[in-house]
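The values are calculated or read from the model by the stated rules, or taken from the named source; none is laboratory data. Just so you know, these numbers come straight off a predicted model, no measurement behind them. Here Cβ is always computed from backbone atoms with ideal geometry, including for glycine, and neighbour counts include all displayed protein chains. Ligands, DNA and RNA are excluded from the accessible area calculation, which covers all protein heavy atoms including side chains. Shrake-Rupley method; radii C 1.70, N 1.55, O 1.52, S 1.80 Å.
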Amino acid sequence: MSEEKAILTIGDKQIELPVYTGTEGERAVDISKLYEEHGLMTFDPSLANTGLCRSTITFIDGEQGILRYRGIPLEEFANSKPNFIEVAWLLIFGTLPKEQEILDFRQMLTERALLHEGIRQHIELMPQGAPPMAILSAGINKMVCYYKRFLTLDDDDQFADAAAQLISQIRTIAAHSYRRSQGLPVMYPDPAMRYCANFLHMMFSLPYRQYEVAPEIEDAMNLLLILHADHEQNCSTATVRVVGSAQANLFASCASGVSALWGPLHGGANVKVMEMLESIYQGGLSPEECLEAAKDKANPFKLFGFGHRVYKNYDPRAKILKDSCDRVFAILKQKDPLLDVARKLEELALKDQYFIDRKLYPNVDFYSGILLRAIGIPTNMFTVLFAIGRLPGWIAHWKEQHDNPTRRIIRPRQLYVGNNQSHYVPVEER
Ligand code: ACO
């Protein structure tokens with residue numbers, strides 16, 4: 001309930017609107033009855049300032065560069081030995097899991113890791129060059145063809161079963177899609193392996209040679225997935241909520257999240273960043289020319305990995321990833337020249353008035369590609385890795401919405417600026 005009121009004056013009319021305050025002090029004016037009671041809509045193209053829902057999952061303060069999952073600052077996950085499965089549980093079920101809960105959940109993931117042979121055969125039938133994001137989205141949707149029990153989730157056990165199935169099998173589909181793109185035989189999951197190690201095994205083992213998963217690589221992948229695990233109402237999560245609001249099942253809703261994530265302005269940006277860095281490194285473009293192209297309004301080019309709808313400060317995920325790149329390269333005794341290019345580009349951009357004025361800082365995608373490359377992940381799989389990481393967030397938001405007894409279908413309005421009434425003219429009279 002709201003004590004505070006906002007007054008909207010329109011003509012000689014004054015309309016009282018409730019004001020709500022979130023737990024971190026954010027204030028929101030409730031305009032939900034404005035159309036019904038006063039025939040007025042609000043206009044907010046791209047929903048840049050619209051609170052879609054109340055949520056308890058993730059908090060972001062974009063001005064200060066703060067990101068917390070269920071209240072816990074992201075940095076705390078990065079500083080302890082990170083485990084993606086623990087964070088997935090936290091996001092979906094709301095609390096840090098107890099030891100037995102982690103063991104049980106891990107067991108559920110292990111039991112569900114193997115794809116139905118029908119889905120595996122579907123992947124085999126995809127053309128070899130098929131984009132892995134297309135295979136991923138299709139594979140997730142197909143799951144309900146083989147497991148019809150997931151079409152309706154009426155209780156907590158059914159929901160946990162479905163969530164475990166999705167989290168476990170997204171990595172199997174992802175690895176199979178990569179094997180398909182390379183014309184390699186699929187590697188089945190190994191029940192003795194942990195989540196990330198098992199994924200790397202399915203990606204890189206051969207029938208005659210087991211891929212040895214270095215602990216540093218496993219840790220780096222865990223961290224990467226955790227950093228991507230949720231980001232409140234981003235484009236793909238909002239998509240999952242929109243689709244889920246029509247009571248579409250969890251799998252169809254998450255498959256739509258994969259499609260949204262694919263776009264280069266969202267999760268696909270990590271691929272664009274690497275292309276940009278590679279082009280600079282190969283001498284096709286200097287860092288200065290790259291910045292000039294990004295600033296030129298007549299040029300559609302963007303400085304990929306820079307800017308964010310919410311962050312007007314350094315994205316905390318980018319900061320952690322930048323440090324993690326340094327650490328992983330030191331441990332692996334590797335060097336990636338693209339890291340030097342990225343650092344140089346960042347240094348120049350942060351000094352440039354265009355970027356300063358618009359508060360454009362590196363976002364999560366700026367350094368994630370470099371770390372993925374160090375782990376050995378090929379570029380065409382970068383956005384797929386983002387999807388594996390973001391899945392717990394999508395599931396958590398779908399559940400939060402599904403469990404809300406006051407939920408309604410999401411249906412925005414529009415300001416119509418087209419023709420007034422006109423009439424159909426038969427083709428011979430046009
Ligand atoms: N390069 C150059 N100019 C930029 C960039 C960029 N990367 N990002 C924003 N701008 C400019 C805009 O053109 C705009 O300029 P103007 O005021 O002169 O018209 C100004 O900065 C403000 O832009 P916003 O309104 O803040 O941008 P918006 O919120 O619409 O878009 C987005 C955010 C899509 C992330 C944008 O910054 C972008 O395209 N970045 C590059 C792609 C990218 O890295 N995407 C990944 C985002 S993180 C994620 O989804 C995981």
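Annotations
- Along the chain, the exposed loop sites are GluC sites (Glu not before Pro) outside DSSP states H, G, I, E and B with at most 12 other Cβ atoms within 10 Å, and the longest stretch free of them is 213-430.
- Qualifying trypsin sites (Lys or Arg not before Pro) in the stretch 44-110, where qualification requires a DSSP coil assignment and no more than 14 other C-beta atoms within 10 Å, comprise ARG54, LYS98.
- Remark: spin-label model distance ILE409-GLU16 equals 3.4 nm, labels positioned 7 Å along the Cα→Cβ axis.
- For ALA248 and HIS38, the FRET efficiency from 1/(1 + (r/R0)^6), where r spans their Cβ atoms and R0 equals 30 Å, is about 0.40.
- Protein accessible area in the chain, 1.4 Å probe - carbon and sulfur %: 52
- Charge context of THR152, other residues only, Cβ under 15 angstrom, K/R +1, D/E -1: -3
- Listed residues THR23, THR406 arranged by accessible area, highest first, probe 1.4 Å: THR23, THR406
- Within the chain, longest stretch free of exposed chymotrypsin sites (Phe, Trp or Tyr not before Pro) [DSSP loop, at most 13 other beta carbons within 10 Å]: 209-415
- Between the C-alpha center of the stretch 209-238 and that of the stretch 26-65 there is a gap of 30 Å.
- Sites LEU125 and ASP326 - FRET efficiency at Förster radius 51 Å, r taken between beta-carbons, to 0.05: 0.75
- Normalising the Debye intensity of the stretch 125-193 to I(0), with uniform scatterers on Cα atoms only, and taking log10 at q = 0.21 Å⁻¹ returns -0.93.
- Positive contributions from Lys and Arg (+1) and negative ones from Asp and Glu (-1), summed over other residues with Cβ under 9 Å from the Cβ of ASP161, come out at +1.
- Solvent-accessible heavy-atom area per residue, rounded to whole Å², over the stretch 22-99 at 1.4 Å: 63
- Too-long pairs where the Cα-Cα distance tops 22 Å, listed order kept, from LYS322/LYS399; LYS98/LYS142; LYS312/LYS351: LYS322/LYS399; LYS98/LYS142
- LEU47 versus ARG309: modelled label distance in nm, points set 7 Å from Cα along the beta carbon direction: 0.7
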